[in-house]
Amino acid sequence: MSGTITNGLTALLAAQRALQTTSNNIANANTPGYVRQRTDFVELPGTPNGRYTVGAGVGITDVTRIYDQYLTDNLRSASSLEQRHVTYGSFTSRLDGILGNPDTGINTSVQRFFDQVEAVGRDPTSITQRQQLLLEGDNLASRFRQLQSQLSGLGLEVDARMKSAAATANDLAGQIADVNAQISAAGSSAAPDLLDKRDELLKSLGAQIDITSVTQKDGTVSVFVGNGQSLVLGGRASRLATIPDPLDGSRLQLAVDTGTSVQDISTRVGGGVIGGLLAFRNNVLDATTQQLGQLAAGLAAGFNDQHARGVDLDGNLGGDFFGTSTPVVSAATTNSGSGTVSASIADATGLAGRDYVARFDGTAWTVTDRRSGAIVPATGAGTTASPLQFEGLSITASAGVAAGDRFMIRPVANAITDLHVVLGSPEAIAAAAPLVSSASAANASQASVSTPVVADYNDPKLLTPAQIYFNTPTTYTVFTGSGADAVGPFPYTSGSDISFAGWTAKVSGTPQAGDRFFVSGTAPGSGDNANVQALASVAGQGFFGGGTQSLQDLGAGIVASVGSAANRAKNDIDVQEALRQQAEIDLQNVSGVNLDEEAANMLKYQQSYLAASKVISVADGLFQNLLQIVGR
């Protein structure tokens with residue numbers, strides 16, 4: 001009789017515990033991070049009774065979390081990547097809006113400037129049109145500065161958000177360490193809610209930065225970031241810190257501070273909010289800023305070069321139209337030497353729109369791309385006699401540079417902000433070609449002379465009037481003034497080059513002995529527009545990449561590149577959101593609460609409970625009857 005009561009009692013207690021587990025599942029069906037629990041039953045050892053064994057009822061071995069580590073890690077990874085793409089996409093779309101706006105975009109400002117250059121070409125002596133060109137130049141420079149301000153603002157926001165995300169990650173890491181300590185103290189009897197809480201904290205941490213977690217034998221979880229740097233070990237948490245870039249103190253990098261060392265992990269972070277911020281800054285913002293600087297520097301160099309090839313309304317050779325800056329060089333804070341490095345732009349057409357790191361190994365220099373780390377071919381020893389030269393730059397190092405010292409070279413870092421118009425008056429715009437040519441009215445032949453082409457604008461006699469005198473039909477002499485500067489005679493072939501005082505001209509036809517042709521500087525007040533027409537074509541001519549890329553190409557490429565990145569980011573967000581949702585479904589299918597299933601379990605355990613109660617009631621009735629029979 002006692003065995004029946006015992007069986008009924010163990011069944012009653014087991015059903016009661018199962019009902020509690022089921023009701024807890026139902027209560028937490030909508031609790032984020034809750035993992036469904038299951039009551040595990042086991043048959044209790046029976047009592048031997050001769051040739052057979054009488055059952056001793058049922059026991060409960062454990063309340064188990066229905067947990068899949070792989071699916072949990074997969075969801076955390078998918079969530080981390082989704083946050084990366086959302087952050088990256090948000091900033092990239094904002095930058096696309098800045099550059100792609102037809103009213104405020106840089107390409108519109110460049111086009112307006114060159115439209116006004118063409119307007120001067122249509123009326124080269126108009127002071128009004130010339131003044132408007134100076135104003136459009138100022139507007140263009142102002143638009144570059146506005147863009148730089150907006151891009152700098154995005155960079156500062158990235159730094160601020162990285163600080164905030166690091167602080168959030170540190171708080172989460174501290175909480176994980178606290179939960180680890182509680183789990184370690186509880187041992188095998190750690191409450192399921194602690195494990196659920198830790199998984200949810202790990203997921204939240206992964207949303208800030210991509211992590212790797214490893215479960216230890218004592219039940220704690222170790223968390224690693226970057227290239228295996230520990231963020232959480234047992235009950236102890238390190239912290240993420242933002243530190244100044246050793247090569248550029250104006251920007252922040254991410255590091256792990258263990259208390260005894262600080263390790264930069266900026267290049268090792270790929271996920272979470274921080275990964276998205278770093279990816280945007282390194283791959284989009286920096287590249288766009290450098291390319292805009294390249295555009296500003298190229299525009300100034302190309303326009304100035306052509307402007308110097310003409311003469312202004314006073315008959316003087318044109319000077320620089322735009323002013324800009326020189327490359328910026330910064331020494332690494334870890335340098336041990338006292339030497340410095342200076343840089344200059346030797347050839348603006350060779351600029352590649354990127355920053356560099358030059359490292360000295362004690363005997364030679366190595367140049368790498370700042371963003372990718374790829375080696376950049378360079379020649380020279382870095383001395384005054386043999387400058388280090390690469391991609392349009394010339395680098396010279398002073399004495400005192402030590403082995404291992406590094407320097408960052410930013411060729412166009414200030415080109416955007418320093419671009420400005422240097423001409424002081426509209427008359428100074430060099431719209432006309434510098435030289436004119438003509439044939440003497442007394443010539444006996446119909447031979448003609450071409451417009452001179454300038455080869456050396458620094459020749460002191462460039463604008464001095466000169467004559468080409470044919471001694472015979474097959475020989476000529478070139479001279480100025482009274483003939484004191486005469487050169488020749490030279491043999492003549494129709495159409496061959498005739499060079500003198502920095503210019504080259506061609507005489508075509510069959511000249512006669514005594515024929516004269518004149519070359520002189522363009523007279524003041526000339527209505528010639530040859531040079532301003534050449535200025536109008538500067539934007540469309542091949543300039544960068546060995547003449548394969550024009551300023552227009554570069555400007556359009558900047559906008560297109562950012563626009564393409566923004567579109568890719570939108571697609572990546574959609575894809576990653578779908579992957580995260582599928583990972584959630586996969587995990588929910590295993591660990592989530594199914595209310596239909598729990599309702600069925602509730603009925604099952606309720607019936608078990610009632611049946612067990614009935615067993616006890618029947619056993620008690622039988623026992624009472626037995627007592628009554630014995631008492632008689």
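The values are calculated or read from the model by the stated rules, or taken from the named source; none is laboratory data. Note that the coordinates shown come from a computational prediction; the quantities given were computed from them, not determined experimentally. Note that each Cβ is placed from the backbone with ideal geometry, even for glycine, and that neighbours are counted across all protein chains shown. Areas reflect the complete protein model, heavy atoms only, side chains present, ligands, DNA and RNA absent. Shrake-Rupley method; radii C 1.70, N 1.55, O 1.52, S 1.80 Å.
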Practice task
Working carefully through the options A513, A486, A539, A523, find the one that is in contact (Cβ under 8 Å) with a residue 40 or more places away in the chain, surrounded by 15 or more Cβ atoms within 10 Å (Cβ to Cβ) and not charged (D, E, K, R).
Solution key: A539
Problem - L419 being open to solvent by less than 60 Å² (accessible area, probe 1.4 Å), touching a Phe, Trp or Tyr at 6+ places or on another chain (Cβ under 8 Å), touching a residue at least 40 places away in the same chain (Cβ under 8 Å) and over 25 Å from I498 (Cα atoms) - result: yes
Handout entry: Pick from the range 3-31, criterion of a type in the set (S, T, N, Q), assigned to a helix (DSSP H, G or I) and surrounded by fewer than 17 Cβ atoms within 10 Å (Cβ to Cβ), ranking: farthest from the chain's Cα centre (by Cα)
Key = Q16
Problem - Any hit, the range 36-59, residues being open to solvent by 40 Å² or more (accessible area, probe 1.4 Å), in a helix (DSSP H, G or I) and either more than 30 Å from Y609 (Cα to Cα) or among the hydroxyl-bearing types (S, T, Y) (or both) - result: no
Practice task
Kindly check whether there is at least one residue in the range 435-443 that is more than 22 Å from G293 (Cβ to Cβ), open to solvent by 70 Å² or more (accessible area, probe 1.4 Å) and over 40 Å from the mean Cα position of the chain (by Cα).
Solution key: yes
Exercise for the section: Could you tell me whether the range 64-82 includes any residue that is of a type outside the set (F, W, Y) and over 52 Å from the mean Cα position of the chain (by Cα)? Expected result: no
Handout entry: Positions within the range 393-416 being β-branched (V, I, T) and touching a Gly at 6+ places or on another chain (Cβ under 9 Å), in sequence order
Key = I395, T396, V401, V412, I416
Completion exercise
Taking the range 16-40 and keeping residues touching a Lys or Arg at 6+ places or on another chain (Cβ under 9 Å) and within 11 Å of T64 (Cα to Cα) leaves T21, V35, R36, Q37, R38, T39
Practice task
Examine the range 588-598 for a residue that is within 21 Å of the chain's Cα centre (by Cα) and open to solvent by less than 80 Å² (accessible area, probe 1.4 Å), and state whether such a residue exists.
Solution key: no
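Residues are listed down the side, and each one gets a yes or a no for (1) closer than 28 Å to G302 by Cβ; (2) open to solvent by 50 Å² or more (accessible area, probe 1.4 Å); (3) not charged (D, E, K, R):
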| site | (1), (2), (3) |
| --- | --- |
| R370 | yes, yes, no |
| I375 | no, yes, yes |
| G380 | yes, no, yes |
| L388 | yes, no, yes |
| G392 | yes, no, yes |
| A402 | no, no, yes |
Fill in the blank from the handout: Considering only helices (runs of 4 or more DSSP H) wholly within the range 102-220, the ones with at least 2 residues that are open to solvent by 20 Å² or more (accessible area, probe 1.4 Å) and closer than 26 Å to N282 by Cα are 127-186, 192-208
Exercise for the section: Determine whether the range 313-321 contains at least one residue that is open to solvent by less than 20 Å² (accessible area, probe 1.4 Å) and out of contact with any helix residue (DSSP H, G or I) (no Cβ under 8 Å at 6 or more places or on another chain). Expected result: yes
Practice task
Check off (1) farther than 30 Å from N414 by Cβ; (2) without any contact (Cβ under 8 Å) to a residue 60 or more places away in the chain; (3) surrounded by 18 or more Cβ atoms within 10 Å (Cβ to Cβ); (4) not aliphatic (A, V, I, L, M) for T64 and give me the number that stays unchecked.
Solution key: (3)
Exercise for the section: Only residues that are open to solvent by less than 30 Å² (accessible area, probe 1.4 Å) and under 17 Å from F407 (Cα atoms): list them for the range 241-269, please. Expected result: D245, L247, D248
Completion exercise
Among (1) out of contact with any Phe, Trp or Tyr (no Cβ under 8 Å at 6 or more places or on another chain); (2) open to solvent by less than 30 Å² (accessible area, probe 1.4 Å), L231 falls short only on (1)
Practice task
Go through the residues of the range 83-92 one by one and say whether even a single one is among the charged types (D, E, K, R), buried (at least 17 other Cβ atoms within 10 Å of the Cβ) and either in contact with a strand residue (DSSP E or B) (Cβ under 6 Å, 6 or more places away or on another chain) or modelled with pLDDT of 90 or more (or both).
Solution key: yes
Handout entry: Output for the range 270-315, where each listed residue is β-branched (V, I, T), at pLDDT 95 or above and touching a strand residue (DSSP E or B) at 6+ places or on another chain (Cβ under 8 Å)
Key = I274
Practice task
Would you mind telling me which numbered condition in (1) at pLDDT 90 or above; (2) surrounded by fewer than 23 Cβ atoms within 10 Å (Cβ to Cβ); (3) in contact with a helix residue (DSSP H, G or I) (Cβ under 9 Å, 6 or more places away or on another chain) T334 fails?
Solution key: (3)
Exercise for the section: Please give the number of the condition R94 fails out of (1) assigned to a helix (DSSP H, G or I); (2) without any contact (Cβ under 8 Å) to a residue 60 or more places away in the chain. Expected result: (2)
Practice task
Just name the residue that is modelled with the lowest pLDDT out of those in the range 452-499 that are in a strand (DSSP E or B) and among the aliphatic types (A, V, I, L, M).
Solution key: V487
Exercise for the section: For A279, state whether it is buried (at least 19 other Cβ atoms within 10 Å of the Cβ), farther than 24 Å from S142 by Cα, of a type outside the set (F, W, Y) and in contact with a Phe, Trp or Tyr (Cβ under 7 Å, 6 or more places away or on another chain). Expected result: yes
